[in-house]
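Notes follow once the structure below has been shown.
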């Protein structure tokens, strides 16, 4: 009987520890302050409610509608058919948002020297920029930068991590 009581008591204490101040009603004379927050009203566009819609031309909109990165093969800087489709979508997106400019980041995986990976990242960023300008985006709206292996998206020394780190990223500026 005492073991059952201890088990029930331990369970009760564990549940009590999981509760928060928001779960417990404030009692009179309580020192707890009750705070409430209200969300901003949703946007209404064409009689449709857009909840937390990203601002047009923002990084959030680019990420939500098109995505912000393309992947490259090992020791490659040419655009695959999938990368071309994504970069084409970036170009279309930029044509809809004439006031937007992008930084195109080139990244590499951790293999190779720092200097080699910086040069490879630059070739990747320039391949993206060249394709976007061929699709009609003004080159003045695009800037390139290489981070080489200095800013991995994923930590790890395996093919899965390396594949994710070989990328070009579009960043709204």
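Where a number appears in this text, it was derived from the coordinates with a stated rule and is not lab data. Because the structure is a prediction, the values reported are computed rather than measured. Using ideal geometry, Cβ is built from the backbone for each residue, glycine included, and neighbour counts are taken over all protein chains shown.
Quick look at the values:
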item	result
Sites residue 158 and residue 96 - FRET efficiency at Förster radius 45 Å, r taken between beta-carbons, to 0.05	0.70
Overall form of the range 81-122 per C-alpha gyration tensor (a/c, 1.5; a/b vs b/c)	oblate
Sorted peptide list for 85-91, 102-108, criterion being average Cβ within 10 angstrom, highest first	102-108, 85-91
Semi-axes of the equivalent ellipsoid for the range 67-172, Cα gyration tensor, largest first, Å	24, 13, 11
Shape call, the range 115-165: gyration tensor on alpha carbons, a/c limit 1.5	prolate
